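Peer 1: Can you read through this structure? Questions will come right after.
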Amino acid sequence: MRYQLGSAAAHISSPFLASYATLPADEHLQKGHHFRFRAFSKARVKGDAFLWDDDTTFFQSDGINSYAGGRHRNFAPFGEPAREFAEGLVNSPATRALVTAEEFRIGCHQIRIKADDEHVGLPAPEGFHQDGYDLIAVTCVAVDNVSGGISLVREKDPAGDVIVERVMPPGEALFLADQEVVHYVSPITPKVPGKPAYRDVAVITFSFENETP
């Protein structure tokens, strides 16, 4: 499996949707404008039990993330609605069909990308990339007034074929075998001028060898 589409709609609650409005700004962006708002938590999973870590430090090498890698980044932790979403999706039959390990680690990202008439929103400022894990589940949670935001998945070879090109609707989940493909999301702008645009996603990374997310 290089990718698989599924549904996470059953796990998106009203409190989870509302929690995106209070996400703090990502202070690790290269430019002055805050187009990304974010929370992060990680957990060890054994069976259907989750041991959430109080530490919310996130690290990627600069070889993996040329935009913000090579340094430790700290984010606000997940609230209870976001944890409930993550636990529901990870424990769902569709996910467990892909995750055969009994014990593994997850890293969970709750992200809002904003745009307005003066500022473009960048879901993936690093371009086509891998995240450095075994499996990734990307869920589109909500969108409003968005033009763009096209999800693309490509073979790792820069000249490789694009195998996924779609605007993910709210509730859709995209599972990726991170070692086999690279992925990207195009910038967003407001569809209707004068009104802000936002795109809310949840990303869960899976490490099967107990690496730190």
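The values are calculated or read from the model by the stated rules, or taken from the named source; none is laboratory data. Since the structure is predicted, the reported quantities are computational estimates derived from the model, not experimental observations. Please note: Cβ atoms are built from the backbone with ideal geometry, for glycine as well, and neighbour counts cover all protein chains shown. Each accessible area value is taken on the protein alone, full model and side chains, heavy atoms only, with ligands, DNA and RNA left out. Shrake-Rupley method; radii C 1.70, N 1.55, O 1.52, S 1.80 Å.
Peer 1: Give the residues of region 1-35 that are hydrophobic (A, V, I, L, M, F, W, C), part of a helix (DSSP H, G or I) and farther than 18 Å from G121 by Cα, sorted by residue number.
Peer 2: If the condition is that a residue be hydrophobic (A, V, I, L, M, F, W, C), part of a helix (DSSP H, G or I) and farther than 18 Å from G121 by Cα, then A9, A10, F16, L17, A18 are the ones that fit.
Peer 1: Quick test for you: out of S41, S19, pick the one residue that is surrounded by 16 or more Cβ atoms within 10 Å (Cβ to Cβ), over 15 Å from the mean Cα position of the chain (by Cα) and among the hydroxyl-bearing types (S, T, Y).
Peer 2: Details: S41 fails: over 15 Å from the mean Cα position of the chain (by Cα).
S19 is the lone residue from the list that is surrounded by 16 or more Cβ atoms within 10 Å (Cβ to Cβ), over 15 Å from the mean Cα position of the chain (by Cα) and among the hydroxyl-bearing types (S, T, Y).
Peer 1: Which residues, taken from region 93-130, are out of contact with any strand residue (DSSP E or B) (no Cβ under 8 Å at 6 or more places or on another chain), more than 22 Å from T57 (Cβ to Cβ) and touching a residue at least 40 places away in the same chain (Cβ under 8 Å)?
Peer 2: If the condition is that a residue be out of contact with any strand residue (DSSP E or B) (no Cβ under 8 Å at 6 or more places or on another chain), more than 22 Å from T57 (Cβ to Cβ) and touching a residue at least 40 places away in the same chain (Cβ under 8 Å), then A101, H119 are the ones that fit.
Peer 1: For region 76-97: of the residues being open to solvent by 20 Å² or more (accessible area, probe 1.4 Å) and touching a Phe, Trp or Tyr at 6+ places or on another chain (Cβ under 6 Å), which is nearest to L135 (Cα to Cα)?
Peer 2: Selected residue: E87.
Peer 1: Quick one: would you say D116 is closer than 30 Å to R44 by Cβ and more than 12 Å from the chain's Cα centre (by Cα)?
Peer 2: No; evaluated as a whole, the condition is false for this residue.
Peer 1: Yes or no: region 64-78 includes at least one residue that is farther than 24 Å from V146 by Cα, modelled with pLDDT of 95 or more and of a type in the set (G, A, S).
Peer 2: no
Peer 1: Taking the stated definitions as given, is A8 in contact with a His (Cβ under 8 Å, 6 or more places away or on another chain) and among the hydrophobic types (A, V, I, L, M, F, W, C)?
Peer 2: no
Peer 1: Among the residues of region 45-57, is there at least one that is assigned to a helix (DSSP H, G or I), modelled with pLDDT of 80 or more, open to solvent by less than 60 Å² (accessible area, probe 1.4 Å) and β-branched (V, I, T)?
Peer 2: No, region 45-57 has no match at all.
Peer 1: Could you list, in sequence order, the residues of region 135-163 that are over 27 Å from A18 (Cα atoms), in a loop (DSSP other than H, G, I, E, B) and open to solvent by less than 50 Å² (accessible area, probe 1.4 Å)?
Peer 2: G160
Peer 1: Looking for whichever is closer than 13 Å to P123 by Cα and touching a helix residue (DSSP H, G or I) at 6+ places or on another chain (Cβ under 9 Å) here; the options are A202, A142, A197, A173. Which one fits?
Peer 2: None of the other options fit; the residue is A202.
Peer 1: While we're looking at this one, here's another question. List pairs: first in region 160-186 and among the acidic types (D, E), second at pLDDT below 95 and surrounded by 16 or more Cβ atoms within 10 Å (Cβ to Cβ), Cβ under 6 Å, 6+ apart or cross-chain?
Peer 2: D178/Q130; D178/D131; D178/Y133
Peer 1: Further, regarding this structure: So if I check each of D117, D131, which one is among the acidic types (D, E), buried (at least 19 other Cβ atoms within 10 Å of the Cβ) and not in a helix (DSSP H, G or I)?
Peer 2: Values: D117 fails: buried (at least 19 other Cβ atoms within 10 Å of the Cβ).
Just one listed residue meets the conditions, D131.
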